[in-house]
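The structure that follows is given in the form of structure tokens.
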Amino acid sequence: VKDAKLREVLLMEILRTVNASLAADKLLHGELSEIATGSARARRYMDLGLAFLSDNNLDRAAELLALHRMDDVFRLGWLAVQDLVRAAKDITNRYSLSLVPEADAKLLEALQGRHPHLEPSVLKELKIDGDSLIRMDALLILGVRIAQIAALAHFVESQLAQGLQLRDQPLSTGETALGRLMAGLIRQASGRDFATAPIAEGEWKELAPTFKAEVLSKSVDLTVERAPELARPLLQTRLRSVVEDVRFFFLNSPGKAPDKRFFKGVSLK
């Protein structure tokens, strides 16, 4: 912005907008660290709103600063994040979180409130650089992931629920639909009939000698092929990770059973 008077006006608008944001979050009389965090977050919302208005074009953004109030720009950025919050809430209102893997359920649970926060590990898994989701690239990645989770939940409920006996035998606390699926597929990969019951310690040890990782991999691939295109990448990633964990455990600990507290991709008794 080359106009000195406009820069002065913008500075005052930015300060007022930041103060209004701090007041709304009841931070004006908070700790200095909280005020600093709230101020930085307000600036990110303004950056995000301007990025949307300008289609991420710096020259166009400079022109738009003369046409739009900064509080409106801030509101646009905040609403962009809230759109994802509402999308996550729509999924949790419609589907049980047990229909999706634990990592995806936690993502949906984290996307709530006025200023949702994702842990660094979640951002890393989503391949989002930095420590904030208040950026256009981060929101686009999150939007795709939320759509994938919704498609996956619908697929499990509409196509797998009967085979997994989700209605006749509701999932227990901590159990997921895909964990139940993997329990059945592991039995098949060991030469037994598909059964959805959690695998007990004794049974796990009995499965080890006849377990074939390639059979489990093929069964997972067939399941992924049945899923809608939008859900396939996420479903494949989640199930493939479990396959590798199971293969590694059977190979390196054939005489032991996994601890269900840390081995959450399979329904264990």
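Kindly indicate the residue of region 171-224 that is hydroxyl-bearing (Ser, Thr, Tyr) and under 24 Å from the mean Cα position of the chain (by Cα) and also nearest to Gln236 (Cα to Cα) among those meeting that condition. If you could, list the steps in order and put the result at the bottom.
Going through region 171-224, the residues hydroxyl-bearing (Ser, Thr, Tyr) turn out to be 172-173, 176, 190, 196, 210, 217, 219, 223.
Cutting the leftovers down to under 24 Å from the mean Cα position of the chain (by Cα) gives us 172-173, 176, 223.
Working: Ser172: 24, Thr173: 24, Thr176: 16, Thr223: 9 Å.
Result: Thr223.
Surrounded by 14 or more Cβ atoms within 10 Å (Cβ to Cβ), of a type in the set (Val, Ile, Thr), at pLDDT below 95 and farther than 16 Å from Val242 by Cβ - does that describe any residue in region 106-122?
Within region 106-122, one or more residues are surrounded by 14 or more Cβ atoms within 10 Å (Cβ to Cβ), of a type in the set (Val, Ile, Thr), at pLDDT below 95 and farther than 16 Å from Val242 by Cβ.
Return the total of residues in region 100-114 being of a type outside the set (A, V, I, L, M, F, W, C), in contact (Cβ under 8 Å) with a residue 60 or more places away in the chain and either out of contact with any helix residue (DSSP H, G or I) (no Cβ under 9 Å at 6 or more places or on another chain) or assigned to a loop (DSSP other than H, G, I, E, B) (or both).
From region 100-114, those of a type outside the set (A, V, I, L, M, F, W, C) are 101-102, 104, 106, 109, 112-114; that's our starting set.
Within this subset, residues satisfying the condition of being in contact (Cβ under 8 Å) with a residue 60 or more places away in the chain are 101-102, 104, 114.
Subset that is either out of contact with any helix residue (DSSP H, G or I) (no Cβ under 9 Å at 6 or more places or on another chain) or assigned to a loop (DSSP other than H, G, I, E, B) (or both): 101, 114.
Qualifying residue count for the region: 2.
Same structure, new question: Looking only at region 255-269, decide whether some residue is in a helix (DSSP H, G or I) and either surrounded by 18 or more Cβ atoms within 10 Å (Cβ to Cβ) or free of Cβ contacts under 8 Å to residues at least 60 places away in the same chain (or both). If you could, list the steps in order and put the result at the bottom.
If we filter region 255-269 for residues that are in a helix (DSSP H, G or I), which is where we start, we get none.
No, region 255-269 has no match at all.
Could you go through region 21-38 and let me know if any residue there is of a type outside the set (Asp, Glu), in contact (Cβ under 8 Å) with a residue 40 or more places away in the chain, in contact with a helix residue (DSSP H, G or I) (Cβ under 9 Å, 6 or more places away or on another chain) and surrounded by 12 or more Cβ atoms within 10 Å (Cβ to Cβ).
Yes, region 21-38 contains a residue that is of a type outside the set (Asp, Glu), in contact (Cβ under 8 Å) with a residue 40 or more places away in the chain, in contact with a helix residue (DSSP H, G or I) (Cβ under 9 Å, 6 or more places away or on another chain) and surrounded by 12 or more Cβ atoms within 10 Å (Cβ to Cβ).
Further question: Could you please find all residues in region 178-223 being among the polar types (S, T, N, Q) and under 19 Å from Val156 (Cβ atoms)?
Filtering region 178-223 down to residues among the polar types (S, T, N, Q) leaves 188, 190, 196, 210, 217, 219, 223.
Within region 178-223, Gln188, Thr196, Ser219, Thr223 qualify.
Go through region 209-236 and report how many residues are in a helix (DSSP H, G or I), free of Cβ contacts under 8 Å to residues at least 40 places away in the same chain and surrounded by 15 or more Cβ atoms within 10 Å (Cβ to Cβ). Before you say what the answer is, go through the steps one by one.
So the first thing to find is which residues in region 209-236 are in a helix (DSSP H, G or I), and the list is 209-210, 213-226, 232-236.
From what is left, the residues that are free of Cβ contacts under 8 Å to residues at least 40 places away in the same chain are 210, 213-222, 224-225, 232, 236.
Right, trim to surrounded by 15 or more Cβ atoms within 10 Å (Cβ to Cβ) and you get 213, 215-217, 219-220, 224, 232, 236.
Count: 9.
The values are calculated or read from the model by the stated rules, or taken from the named source; none is laboratory data. Just so it is clear, the structure is predicted and the values come from calculations on it, not from any experiment. Don't worry about glycine lacking a Cβ; one is built from the backbone with ideal geometry, like all the others, and counts go over all protein chains shown.
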